[in-house]
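Participant: Handing you this structure, nothing more for now.
What follows draws every value from the coordinates through simple rules; no lab data is involved. Owing to the predicted nature of the structure, the values given are computational and were not obtained by experimental measurement. Note that each Cβ is placed from the backbone with ideal geometry, even for glycine, and that neighbours are counted across all protein chains shown.
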Amino acid sequence: MTCRTVTILGATGSIGASTLDVIARHPGRYRVHALSAHSRMELLAAQAAASQAPVVVVPDGPARQRFIESWQGGAPLPQIRVGAQALVDTAADPASDTVMAAIVGAAGLPSALAAARSGKRVLLANKEALVVAGALFMDAVRQSGAELLPIDSEHNAIFQCLPHSGAAAGQGPAPGVRRLLLTASGGPFRTRPLAELEGVTPAQACAHPNWSMGRKISVDSATMLNKGLEVIEAHWLFAMPPERIDVVIHPQSVIHSMVEYDDGSVLAQLGQPDMRTPIAYGLAFPERIASGVGPLDLARLGRLDFEAPDLARFPCLRLAFEALRAGQGACVALNAANEVAVDAFLQGAAPYTAIAAIIETVLEGAWMHAGNRLGSLEGLLDLDHEARAQARQALSRSRPGVAG
Ligand code: NAD
Ligand code: MG
């Protein structure tokens, strides 16, 4: 058994903390090389001390200062790298062979792409990277020979249910596969009267019935834009056309997703809704290791329910399918508009129902004419900035008298 050296981008987040939890269960099997965070420097310092990470990456000088002030005990400080370029360089740093890409949002794209380009094992939690840069990212994986393992629970489930010979994901549609079936919990507002959605609060939107996650993905789960992003993610990871990807609501979140074959067989992966299972799978692949997740008590669970998603309740899911069919430029716009709108909602500056409205307005732009900007990281980030500006304008138009 070789010892893997792991870098965690976004260590202080929900996925980052779960990754450190799994790693700590297997001393000798994994060594932490670098941890990054954008805020919460006290937590980063505690994580770096506990995992003996020799390197940390922080966004700027003040964060570096806070990290140093938070450092406790007699151990020498880790090397502190500062800034966006340091994050990209650390992702590609040959001192680690495995990178967990767990930054939230398109902000995680440059470092995730750098990891993919450097040919390492990439554990991809940051779904926005594939939504914004699907073709570019998958080309980088193929060219560098990186080993891409999906961590998003649905894609990890599908990966487990697909026939594979130890190869990474993204090698083309598997023979004999008819359809991918993504399950969705339906989030906290699955049964709430539609008229009440206008007034729901960020705390209510973040109170997911089954999963404990970061705030942005929790809101995305409430709107089901998360499932839309995951449809786009599945399209790129498994080279599946949109019409062969379906979504079914499964409120218990026990079946994490399914693969339907030409002969009528449907394979599913089940387990408790705990991200340590897909994280452990990605870390140890093709072996299996303990993750800290307990057994599934099916008799106690009693039943598994399913229903079709209601697109009137979840317009964001419809918008994501529309963006996927319209092309990469529209997917960039979908993601950017959503990040702006969700941020405004979380800050109390926009109602919940504005999220779908802002995305719909921004998607009306001519994103299919994005042209050659789709072929490079710089071009995609440029488009992302343009879509964010449009989303902010739409937001300020929807709130007359408030500066945008
Ligand atoms: P989170 O908000 O809990 O953590 C985000 C991490 O990214 C933190 O460490 C934060 O400091 C860092 N970060 C935030 N903004 C940054 C920036 N601009 N630059 C650099 N770093 C930044 O998020 P999370 O819930 O852990 O989700 C992380 C990613 O994993 C998201 O893309 C999410 O969609 C995906 N994901 C999460 C879950 C889950 O259960 N939480 C499940 C599936 C997929
Ligand atoms: Mg998911």
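Participant: Could you work out the relative contact order of region 1-136? I mean the mean sequence separation of Cα pairs under 8 Å and 6+ apart, divided by the number of residues, in percent.
Facilitator: Relative CO of region 1-136 lands at 24 percent.
Participant: Kindly provide the pair-distance distribution of region 4-150 built from C-alpha pairs, with 10 Å bins from 0 and whole-percent values in order of increasing distance.
Facilitator: Binned Cα distances yield the sequence 13, 45, 33, 8, 1.
Participant: Rounded to the nearest 500, what is the 222 nm mean residue ellipticity of the chain from helices alone, with -39500 (n - 2.57) per DSSP H run of 4+ residues and division by all residues?
Facilitator: After summing the helix terms and dividing by the residues of the chain, the value is -13500 deg cm²/dmol.
Participant: Arrange the peptides 48-60, 99-111 so that the one whose residues have, on average, the most other Cβ atoms within 10 Å appears first.
Facilitator: On the way: 48-60: 19.3, 99-111: 24.9.
Sorting 48-60, 99-111 by mean packing, highest first, produces 99-111, 48-60.
Participant: How high is the FRET efficiency between Gln347 and Arg179 when r is their beta carbon distance and R₀ equals 45 Å, given to the nearest 0.05?
Facilitator: Efficiency, rounded to the nearest 0.05: 0.70.
Participant: Bin width 10 Å, origin at 0, all Cα-Cα pairs of the chain: what percent of pairs per bin?
Facilitator: In order of increasing distance, the bins hold 5, 23, 33, 27, 11, 1, 0 percent.
Participant: Counting other Cβ atoms within 10 Å, keep those with at most 15, restrict to DSSP loop, and tell me which trypsin sites (Lys or Arg not before Pro) in region 249-305 are left.
Facilitator: Passing both the DSSP loop test and the Cβ count: Arg288, Arg303.
Participant: Taking each pair of distinct Cα atoms in region 181-254 once, what is the resulting Kirkwood hydrodynamic radius in Å? Mind dumping the intermediate values first?
Facilitator: Numbers: mean 1/r = 0.0765 Å⁻¹.
Computed over region 181-254, the radius equals 13.1 Å.
Participant: Still on this structure: Which aspartates and glutamates, on any chain, are close to Lys120 with Cα under 13 Å apart, when same-chain ones fewer than 8 places away are left out?
Facilitator: Correct list for Lys120: Asp93, Asp97, Glu147.
Participant: Sticking with this structure for a sec: Beta carbons within 10 angstrom, averaged per residue: use that to sort the peptides 262-272, 343-353, 315-325, highest first. Present the calculation step by step, with values, prior to reporting the outcome.
Facilitator: Values: 262-272: 14.5, 343-353: 17.4, 315-325: 21.1.
Top to bottom by mean Cβ count within 10 Å: 315-325, 343-353, 262-272.
Participant: Continuing with this model, one more query. Hey, with R₀ at 35 Å, roughly what FRET efficiency would Asp89 and Glu287 work out to, going by the Cβ-Cβ distance, to 0.05?
Facilitator: E(calc), rounded to 0.05, equals 0.70.
Participant: Tell me, what ³J(HN,Hα) does each residue in region 223-229 have, in order and in whole Hz, if you take phi through Karplus 6.51 cos²θ - 1.76 cosθ + 1.60 with θ = phi - 60° and put x for Gly and Pro?
Facilitator: Going residue by residue, I get 7, 6, 4, 3, 5, x, 4 Hz, with x marking Gly and Pro.
Participant: Give the distance, in whole Å, between the Cα centre of region 208-251 and the Cα centre of region 350-398.
Facilitator: Cα centroid to Cα centroid, the span is 20 Å.
Participant: Now for a separate question. Among 213-222, 238-247, 146-155, what's the highest-first ranking by average C-beta atoms within 10 angstrom per residue? Before the final figure, lay out each step's value.
Facilitator: Details: 213-222: 22.8, 238-247: 16.5, 146-155: 25.0.
Ranking, from highest mean packing down: 146-155, 213-222, 238-247.
Participant: Sticking with this structure for a sec: Using amide H atoms built in the peptide plane, which far-off residues or other-chain residues are under 5 Å from Thr5 H to H?
Facilitator: Arg31, Asp97, Thr98
Participant: Read phi for every residue in region 246-255 and hand back ³J(HN,Hα) as whole Hz from Karplus 6.51 cos²θ - 1.76 cosθ + 1.60, θ = phi - 60°, with x for Gly and Pro.
Facilitator: With coefficients 6.51, -1.76 and 1.60, one gets 10, 10, 10, 7, 9, x, 7, 6, 9, 7 Hz.
Participant: Which GluC sites (Glu not before Pro) from region 344-404 combine a DSSP loop assignment with at most 16 other Cβ atoms within 10 Å?
Facilitator: Glu364
Participant: Per residue of region 269-281, what does 6.51 cos²θ - 1.76 cosθ + 1.60 with θ = phi - 60° give for ³J(HN,Hα)? Whole Hz please, x for Gly and Pro, Karplus curve as stated.
Facilitator: 10, 10, x, 5, x, 8, 5, 5, 5, x, 5, 5, 4
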